[in-house]
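Encoded as structure tokens, the structure appears first; notes follow it.
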Amino acid sequence: VIGHAKHGPGVSLGGLYKDGKSTEFYKWRSLPYSVTIGALPLAKTAIASDPRWIGALDDWYRNEKSIPIGQPIDMTDFWSTVLKVVDGNKITSVPKTAITDRTIAIEPVLNVYLQLGVDHIIRSRLRERWGYDLNDQSLNQLLAKEAALYNTLATIDLAAASDTISLRICEMLLPAAWYALLLDLRSPVGDRDGTQVTYEKISSMGNGYTFAIESVLFAAIARCAIRRTGAERKSAVYGDDIIVPTAAAQETIDLLRYCGFDTNIDKTFVDGPFRESCGCDYFRGTNVRPVFLKR
């Protein structure tokens, strides 16, 4: 996870990342780094395992404290100066459509750094083991077109999927060691205009591993439904864009509901000449995607 950790493109927690200063450059050099208490041990390990990173921070710390090169430093004070422990993330919103917003959360900078390491591992495993590539939407789009032509596949979309992945379902379905790691790296609480909210969901939009975790859970549910129904083993999953054989569609929807996920009936298509997935709207095999005005 540490080997694949990286800074993301979005805004992170702390005033230093405002006004467009959200690139890697600012995230490496803007100190102290924000991190939750759960992620603190892994954050220290990540920093200490990179000679360039720990060396640069050592230079910065010595300059801040006027400590000459060669003189030992107090590592307890070093870590408390370099890292700022925070309770959790900050709840905000971004435009979803012209009339509605999407709730997201701004994560501590080192939490996101490590979360994206988890994201990389899960993406690579999904691609290697099950053939679902979360870096490429083309399989979903191709199968949506096939479904609109031949009516053999169903496209399923969920309502507020990333905000309804409960801690309990993750505890039940994920290996114990992975669940413990996700708990360490998540934000347990969020600040909403000065009010602290305790999360019962595993993560928010803004967390670096949310998309990968929802994808692997939905993929497992879809594959289970296909096995139970004996349907053709053709499927695709990209976040909450799920494609399964029509024969397994109802079982998939029922299993999703059992696990706490509601189907978006306005964007789920089981029968007929229309299918929608990953930004493509197919009517009898022709992409009829309209223009969307988000502002």
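Structure summary
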| quantity | calculated |
| --- | --- |
| Condition broken by Pro68, with the remaining ones in (1) surrounded by fewer than 18 Cβ atoms within 10 Å (Cβ to Cβ); (2) under 22 Å from Asp184 (Cα atoms); (3) not charged (D, E, K, R) satisfied | (2) |
| Tabulated pairs, the stretch 99-116, first within 15 Å of Ala5 (Cα to Cα), second open to solvent by 60 Å² or more (accessible area, probe 1.4 Å), C-beta under 8 angstrom, 6+ apart or interchain | Tyr113/Lys6; Leu116/His4; Leu116/Lys6 |
| In the stretch 44-54, the residues that are within 15 Å of Tyr33 (Cα to Cα) and either open to solvent by 40 Å² or more (accessible area, probe 1.4 Å) or not hydrophobic (A, V, I, L, M, F, W, C) (or both) | Lys44, Thr45, Ala48, Ile54 |
| Residue list for the stretch 177-198, restricted to those being free of Cβ contacts under 8 Å to residues at least 60 places away in the same chain and on the phi < 0 side of the Ramachandran plot | Ala177, Trp178, Tyr179, Ala180, Thr195, Thr198 |
| Test result for Thr246, more than 26 Å from Trp178 (Cβ to Cβ) and in contact with a Ser or Thr (Cβ under 8 Å, 6 or more places away or on another chain) | yes |
| Condition met for Ala148 (buried (at least 18 other Cβ atoms within 10 Å of the Cβ), in contact with a Phe, Trp or Tyr (Cβ under 8 Å, 6 or more places away or on another chain) and within 21 Å of Asp262 (Cβ to Cβ)) | no |
| Considering residues of the stretch 98-112 that are over 28 Å from Pro290 (Cβ atoms) and not polar (S, T, N, Q) only, the residue surrounded by the most Cβ atoms within 10 Å (Cβ to Cβ) | Glu107 |
| Among (1) over 22 Å from Ser34 (Cβ atoms); (2) open to solvent by 20 Å² or more (accessible area, probe 1.4 Å), the one test that Ser124 misses | (2) |
| Candidates Ala147, Ala212 - the one that is touching a residue at least 24 places away in the same chain (Cβ under 8 Å) and touching a His at 6+ places or on another chain (Cβ under 9 Å) | Ala212 |
| Any hit, the stretch 85-97, residues being open to solvent by less than 30 Å² (accessible area, probe 1.4 Å) and part of a loop (DSSP other than H, G, I, E, B) | yes |
| Flag for Gln115 being touching a helix residue (DSSP H, G or I) at 6+ places or on another chain (Cβ under 7 Å) and surrounded by 14 or more Cβ atoms within 10 Å (Cβ to Cβ) | yes |
| Matching option when the condition is hydrophobic (A, V, I, L, M, F, W, C), within 24 Å of Asp191 (Cα to Cα) and in contact (Cβ under 8 Å) with a residue 40 or more places away in the chain, among Val94, Val86 | Val86 |
| Any hit, the stretch 55-65, residues being surrounded by 16 or more Cβ atoms within 10 Å (Cβ to Cβ) and aliphatic (A, V, I, L, M) | yes |
| Subset of the stretch 265-294 (residues that are within 14 Å of Ile243 (Cα to Cα) and either assigned to a loop (DSSP other than H, G, I, E, B) or over 24 Å from the mean Cα position of the chain (by Cα) (or both)) | Thr268, Phe269, Val270, Asp271, Phe274, Arg275, Cys278, Gly279, Asp281, Tyr282 |
| Residue ID - most open to solvent (accessible area, probe 1.4 Å), chosen from residues in the stretch 182-202 that are of a type in the set (S, T, N, Q) and closer than 18 Å to Val35 by Cβ | Gln196 |
| Extreme residue, nearest to Met205 (Cα to Cα), among residues of the stretch 152-168 that are open to solvent by 10 Å² or more (accessible area, probe 1.4 Å) and among the β-branched types (Val, Ile, Thr) | Thr164 |
| Residue in the stretch 236-251 that is open to solvent by less than 40 Å² (accessible area, probe 1.4 Å), assigned to a helix (DSSP H, G or I) and at pLDDT 95 or above present | yes |
| Qualifying residue in the stretch 7-25 (condition: at pLDDT 95 or above and crowded, with 17+ Cβ neighbours inside 10 Å) | no |
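The values are calculated or read from the model by the stated rules, or taken from the named source; none is laboratory data. Fair warning: this is a prediction, and the values are worked out from it, not measured in the lab. Cβ: placed from backbone, ideal geometry, glycine included. Neighbour counts: every protein chain shown. Ligands, DNA and RNA are excluded from the accessible area calculation, which covers all protein heavy atoms including side chains. Shrake-Rupley method; radii C 1.70, N 1.55, O 1.52, S 1.80 Å.
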